[in-house]
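Every read-out reported here was derived from the displayed coordinates using simple, explicitly stated rules and does not represent laboratory data. Model, not experiment: these values are computed from the prediction. Note: ideal-geometry Cβ built from the backbone for every residue, glycine included; neighbour counts use all protein chains shown.
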Amino acid sequence: MLGYLETWRAPDLRYPVLDQDRLNRRYRQLLAVGLVLLASLVSLWKLDRDASSWRDETVSYAVAKRSLDELWLLVQNIDAVHGLYYLLAHLALGVWDDGVLTLRVLSVLGTLTAVLGVHAIGTRLGDPATGFVAGVAFLCVPQVQFYAQEARSYALVCAAVVWATWFFVRALQDGRRRLWAGYAGLLLLGGWLHVFALLVILAHAVTLWHSGHLRRLGRRWLLVIAFVGCAVVPLAVVSAGQASAQLDWLGRPSLQDWLGFVVPAAVAVTLGVLLHRRGGDAERAVTLPALGVPLLVVPAGFLLTVSLVHPWYVDRYVLYCMSGLALLVGQALRHWQRILRAEADPSRRRRKLYATAAVAFSLFSALGPWYWQMRSAASRTDTVESYWGLTATLPGDPEPVLFQPARRRVWVLARPAVFGPLDDIALQQTPTASGTLYGVEASPDVIRQRMLQHREINVLRDRPGQPLDNTPAEITKRAVLRQHYQLCWVIPVNGGESAIFIRRDVAATNPLCAPGRDIHS
């Protein structure tokens with residue numbers, strides 16, 4: 001299908017100019033429709049993920065179910081950076097509440113919008129075929145597919161940033177005020193969906209400088225950035241104050257983080273240099289290499305560098321950077337297609353086609369199992385549904401439960417009715433009433449007294465080997481269990497375990513604690 005572009009664009013005396021323009025327009029529409037169908041099919045495939053969800057998605061759903069007043073109380077205390085997303089999720093659940101599946105549909109729509117944005121940019125700076133291939137390349141990026149089925153905000157952030165970039169390109173080429181207004185509005189939307197979306201401004205600054213428009217349009221661009229910055233400052237200030245409580249689980253970038261950045265960046269820079277040397281777009285003010293390389297490298301590189309001091313880097317925070325790589329891949333493949341079409345020697349053309357097919361087959365053979373695995377329950381850190389049935393609640397006799405650490409209370413937030421009445425030993429104030437994500441726990445002394453009142457405690461906790469929280473409450477939980485209780489039964493599940501502790505003064509008479517018994521049986 002892509003090979004027909006030159007035929008349809010070439011002058012043809014058999015058709016009036018109007019008919020030729022109509023053919024080109026229909027061709028572009030056909031590519032866009034094909035991309036929409038492909039993106040929808042791929043993103044909706046196994047969207048329920050074997051009827052499973054994980055802790056972050058449970059947070060999204062549980063928070064979105066709160067009233068608007070309760071949402072407002074929450075963002076004043078924690079998670080303001082996701083406040084707008086929670087509002088959108090709340091509205092979506094008001095229309096159709098099918099659990100986290102509803103929120104995943106929002107991410108599918110965000111991914112579809114982002115794919116169309118990449119297509120639009122590639123078409124604008126290249127041709128429809130370049131845009132189509134770039135959109136497909138973006139859709140094939142593993143991280144994009146991962147977060148297309150995640151009940152979180154990152155696909156929506158990506159969509160806002162990609163279309164802001166499209167308006168940025170159009171504004172550089174045209175300069176009309178409504179284009180700058182669209183650019184500002186989408187940057188503002190992206191910034192309020194997640195503050196780190198505004199790191200794309202650094203990439204746009206590099207493109208503005210490289211394109212030679214800094215002197216002519218720099219003042220107008222700075223006015224837009226100043227407006228967006230002022231509008232997002234309140235959220236940035238509040239989020240910065242909450243950062244220590246939200247991001248304390250993050251460490252400095254690991255080797256895997258650096259490799260995940262350096263390898264795509266090296267590919268992008270190499271493609272950018274090769275495409276620039278070819279000079280296919282030399283006459284244009286803005287080129288795909290000048291846009292794509294900074295878009296991939298600058299935001300992620302900046303956040304990684306900052307994370308050496310303040311650990312804030314997670315690849316999903318800058319998911320939109322992958323659109324830069326997709327644009328470069330789209331132009332490179334389009335250029336390779338032209339080379340194949342121009343090859344006069346049939347034998348050499350066949351060899352090149354065979355080599356291209358072999359590379360494509362190898363790539364998809366490597367990525368195919370990954371695509372399949374990410375749609376299974378095991379692809380996430382934990383599975384909330386695996387905890388259903390691990391509590392034995394009887395009418396009038398709620399089971400004593402302890403969460404280690406306290407944030408693992410998230411496992412019961414989305415579907416509390418499934419667990420039945422629980423005696424949450426450490427809980428002082430519920431998440432909704434306290435305006436927090438996981439509730440407020442009692443003081444260490446109160447937790448100790450409550451624990452010792454129970455002969456048996458079901459501890460829902462992380463698997464061994466995970467970092468331990470060193471708050472006074474968590475230290476007290478571990479100390480009381482170690483000194484006064486015996487671990488008698490463990491049920492491991494995906495991402496955690498249910499550990500039954502029996503108080504030592506009654507453990508001798510409990511069959512679960514029989515000497516020599518395998519506690520994992």
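Remind me, relative contact order of the range 122-270 in percent, using alpha carbon pairs under 8 angstrom and six or more residues apart?
Here the relative contact order equals 16 percent.
Can you tally the net charge around Phe146? Count Lys and Arg as +1, Asp and Glu as -1, for every other residue whose Cβ sits under 15 Å from the Cβ of Phe146.
+3
So which lysines can Lys46 reach, going by Cα to Cα under 27 Å and dropping same-chain residues fewer than 8 places off?
Here the lysines satisfying the reach criterion relative to Lys46 are Lys65.
Would you tally the net charge around Arg351, using a Cβ to Cβ cut-off of less than 11 Å, leaving Arg351 out, and scoring K and R as +1, D and E as -1?
Summing Lys/Arg as +1 and Asp/Glu as -1 gives +2.
Taking every DSSP beta bridge that has both residues in the chain, what percent is antiparallel when rounded to the nearest 5?
Expressed as a percentage, antiparallel bridges in the chain total about 70.
Checking the a/c ratio against 1.5 first, then a/b against b/c, what shape does the Cα gyration tensor give for the range 126-257?
Judged from the Cα gyration tensor, the range 126-257 comes out oblate (a/c at least 1.5, b/c at or above a/b).
Projecting each Cα onto the charge dipole of the range 384-513 (Lys/Arg +1, Asp/Glu -1 at the beta carbon, about the Cα centre), which of Val446, Ala417, Pro464 comes out farthest on the positive side?
Selected residue: Pro464.
Once each part is reduced to its C-alpha centroid, what is the distance from the range 133-164 to the range 295-318 in angstrom?
Between the Cα centre of the range 133-164 and that of the range 295-318, the gap is 18 Å.
Based on Cβ point charges of +1 for Lys and Arg and -1 for Asp and Glu, what charge dipole magnitude is obtained for the chain about its Cα centre, in debye rounded to the nearest 20? List each step's numbers first, then the result.
Details: 52 positive and 38 negative charges, 435 e Å.
Using Cβ point charges on Lys, Arg, Asp and Glu, the chain gives about 2100 debye.
Nearest 500 deg cm²/dmol is fine: what mean residue ellipticity at 222 nm does the chain get from its DSSP H runs of n ≥ 4 alone, each adding -39,500 (n - 2.57), divided by its residue count?
Calculated from helices alone, the mean residue ellipticity at 222 nm is -20000 deg cm²/dmol.
Quick check: Cα centre of the range 178-220 to Cα centre of the range 321-396, how many Å?
Rounded to whole Å, the Cα centres lie 30 Å apart.
Evaluate the relative contact order of the range 195-347 (contact order divided by residue number), counting alpha-carbon pairs under 8 angstrom at least 6 apart; express in whole percent.
Details: 120 pairs, mean separation 49.8, N = 153.
Relative contact order here is 33 percent.
Determine ³J(HN,Hα), in whole Hz, for all residues of the range 152-165 in sequence, where each value follows from phi through the Karplus function 6.51 cos²θ - 1.76 cosθ + 1.60 and θ = phi - 60°; x replaces Gly and Pro.
9, 8, 5, 5, 5, 4, 4, 4, 4, 5, 4, 6, 4, 5
Tell me whether the range 384-513 comes out rounded, prolate or oblate; compute the Cα gyration tensor, take square roots of the eigenvalues as a ≥ b ≥ c, and use a/c under 1.5 as the rounded threshold.
Values: a/c = 1.36, a/b = 1.18, b/c = 1.15.
Rounded shape, in that the Cα axes give a/c under 1.5.
Rank by packing, highest mean first: peptides 258-264, 455-461, 490-496, 93-99, with packing defined as the count of other Cβ atoms within 10 Å averaged across residues. Display every interim value, and only then the final one.
Details: 258-264: 14.6, 455-461: 20.4, 490-496: 18.4, 93-99: 12.1.
Going by the mean number of other Cβ atoms within 10 Å, highest first, we get 455-461, 490-496, 258-264, 93-99.
State, as an integer percentage, the relative contact order of the chain based on alpha-carbon contacts under 8 Å between residues 6 or more apart.
15
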